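Everything below concerns the one structure shown next.
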Amino acid sequence: MGGLVCAVHRNAVLRFEQVPTKDQQAKEFDKQIRELLNVTTIAEAVVNETSHGQEVCDILAKASFTHADRVKLFDIVEQLYESAAPPP
């Protein structure tokens, strides 16, 4: 379910190319990453195609994210997204 499906959602919802460090941008990132991970196909891909399902659930259960949480979520999403890249 990852690959191109995840790439489409990722590009439509998450407007960051890296994890922001400034507070205002971090708040927007948090909103976007929560929205992205709320998409059924993305959530299914995280659970079925990575070993990070429980870790993502634990992070999403928090009221606010740390920078390390953001980096972890971003890396997991990028892992799904990168599987969509065509071979060289």
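The values are calculated or read from the model by the stated rules, or taken from the named source; none is laboratory data. Everything quoted here is computed from the prediction, not taken from an experiment. Here the Cβ positions follow ideal geometry from the backbone for every residue, glycine too, while neighbour counts run over all protein chains shown.
List of remarks:
- For the stretch 9-20, filtered to residues that are under 12 Å from E78 (Cα atoms) and at pLDDT below 80, the residue that is surrounded by the fewest Cβ atoms within 10 Å (Cβ to Cβ) is N11.
- Residue match in the stretch 22-34 (condition: on the phi < 0 side of the Ramachandran plot, at pLDDT 90 or above, among the β-branched types (V, I, T) and within 12 Å of the chain's Cα centre (by Cα)): yes
- Residue selected from the stretch 21-43 under the condition outside any helix (DSSP H, G or I) and free of Cβ contacts under 8 Å to residues at least 24 places away in the same chain, by the criterion surrounded by the fewest Cβ atoms within 10 Å (Cβ to Cβ): K22
- For the stretch 44-56, the set of residues classified as without any contact (Cβ under 8 Å) to a residue 24 or more places away in the chain and assigned to a helix (DSSP H, G or I) consists of V47, G53, Q54, E55, V56, listed by residue number.
- Within the stretch 10-20, the set of residues being in contact (Cβ under 8 Å) with a residue 12 or more places away in the chain, part of a helix (DSSP H, G or I) and hydrophobic (A, V, I, L, M, F, W, C) comprises V13 only.
- Comparison of V77, V56, V5 shows that the only residue that is at pLDDT 90 or above and surrounded by 15 or more Cβ atoms within 10 Å (Cβ to Cβ) is V56.
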